[in-house]
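Structure first, commentary second.
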Amino acid sequence: MSSVHYSDYLKLDTILNAQHLESDRLGMHAHDEMLFIVIHQAYELWFRQLLYEVDSVISIFGRPALNDNSPELQTIVHRLSRCATILKVLVHQIDIMETMTPMDFQDFRDLLRPASGFQSVQFKLLEARLGLRYENRFGQGYCLSQLRPEEAGRIIAAEESPSLLQLLNAWLERMPFFDPPAADAFWTDYRQRYAASLAEGEKGNLNGFDEVFSGKEGNRSLSSAACRSALFIMLYRGYPLLQLPFQVLHQLLEIDEQLSTWRYRHMSMVHRTIGSRIGTGGSTGKDYLASALERHHLFRDISALTSFVLQRKRLPELSSEMQRRLGFAGS
């Protein structure tokens, strides 16, 4: 067996010699361009890892049968948790970027045109693999027009394959918990309890409840059946069989929150650095980022379910048979 050397294994000669300052090439050295390059290269490495983790989760979710109390589901939770942690690192990298002042950036900003972070194929692939579809993107034409044709083709191909969001929907639909008569009885009871819990200013929430759970699919990424399963998991997550499924939902919400936090911090940094000026790639800069922040929530249908959560003391009591199925022996 041949020996492995640290620098050879990590290909450090390639990585550490990949910082070529445009300002140096033009004989106009700008000190902070090195930081700008390193930060963005680090982002792309982390995007690489996020894609690696998300693709592995998609592979597991895509299996014909997935035991909901199995090592496979534990693996999904672990890898989704890792993705959320990586995204926290990406947010904190903005702190380093913000050590560069607006004047520091102006020293080399115009040399970068028309290069832009919007041309990050890996980030758009990550969004697509998680579940963002072209029709739901803000600035659709601009989104792909910034890419080379082969790069745009990769994004389109990624959107044509099952995303994590689509597989999550199918997984939740496979968890009915009740047979149809028992399900109807449970949700009728739950709706009455929910209606009774609403304050005067919340009465309109009952219409939202009916829209989500009545079977009217509307403009949602999760079906009514999937939403019922997800809410049931949230309500009764204390039962052993539901603890891992709850962690799946929890980690997806954490990923969505961290992505939104990153978008917000990025938008704020752009506004702080260039104000209302046009981005190097030709976008409207801060305004574009603000609209993407609002539009690109991937798991909003899960987070919206918290509007329909009851206090524990108000929850319908499960039958002894259901408690046994979920992991506790009935009395």
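Quick notes on this structure:
- Single match in ALA183, ALA152 (criterion: among the small types (Gly, Ala, Ser), surrounded by 14 or more Cβ atoms within 10 Å (Cβ to Cβ), part of a helix (DSSP H, G or I) and modelled with pLDDT under 90): ALA152
- Test: residue in segment 129-137 that is part of a helix (DSSP H, G or I) and modelled with pLDDT of 95 or more: yes
- Scanning segment 100-120 for residues that are of a type in the set (Ser, Thr, Tyr) and either closer than 30 Å to LEU253 by Cα or assigned to a helix (DSSP H, G or I) (or both) gives SER116, SER120.
- Any hit, segment 59-70, residues being polar (S, T, N, Q), within 21 Å of PHE123 (Cα to Cα), surrounded by fewer than 18 Cβ atoms within 10 Å (Cβ to Cβ) and out of contact with any helix residue (DSSP H, G or I) (no Cβ under 7 Å at 6 or more places or on another chain): yes
- Within segment 1-30, the set of residues being in a loop (DSSP other than H, G, I, E, B) and of a type outside the set (A, V, I, L, M) comprises SER2, SER3, HIS5, LYS11, ASN17, GLN19, HIS20, GLY27, HIS29.
- Residues that are in a helix (DSSP H, G or I) and of a type in the set (D, E, K, R) were ranked within segment 52-98; the one that is nearest to HIS31 (Cα to Cα) is ASP95.
- Selection of segment 69-103 for residues being of a type in the set (Asp, Glu) and within 13 Å of ILE39 (Cβ to Cβ) yields ASP95, GLU98.
- Odd one out for SER319 among (1) over 22 Å from the mean Cα position of the chain (by Cα); (2) within 24 Å of LEU73 (Cβ to Cβ); (3) at pLDDT 85 or above: (2)
- Here segment 25-43 is the region considered, the condition is being in contact (Cβ under 8 Å) with a residue 60 or more places away in the chain and loosely packed, with under 13 Cβ neighbours inside 10 Å, and the residue that is farthest from ARG325 (Cα to Cα) is LEU26.
- Restricting the first member to segment 315-331 and to residues that are among the small types (Gly, Ala, Ser), and the second to residues that are in a helix (DSSP H, G or I) and modelled with pLDDT of 85 or more, the beta-carbon pairs closer than 6 Å and six or more apart or on different chains are GLY327/PRO240; GLY327/LEU241; GLY330/SER320; GLY330/GLN323; GLY330/ARG324.
- Among the conditions (1) at pLDDT 85 or above; (2) within 30 Å of HIS29 (Cβ to Cβ); (3) among the charged types (D, E, K, R), ARG113 misses just one, which is (1).
- Pairs, first under 21 Å from GLU22 (Cβ atoms) in segment 90-106, second at pLDDT below 95 and part of a helix (DSSP H, G or I), C-beta under 6 Å, six or more apart: PRO102/THR273; PHE105/THR273
- Residue within segment 192-212 that is under 21 Å from ILE76 (Cα atoms), part of a loop (DSSP other than H, G, I, E, B) and of a type outside the set (S, T, N, Q) present: no
- In segment 228-266, residue modelled with the lowest pLDDT [restricted to those that are of a type in the set (Gly, Ala, Ser) and assigned to a helix (DSSP H, G or I)]: SER260
The values are calculated or read from the model by the stated rules, or taken from the named source; none is laboratory data. Just so we're clear, the structure is a prediction, and the values are computed from it rather than from any experiment. No Cβ is skipped: glycine too gets one built from the backbone with ideal geometry, and neighbour counts run over all protein chains shown.
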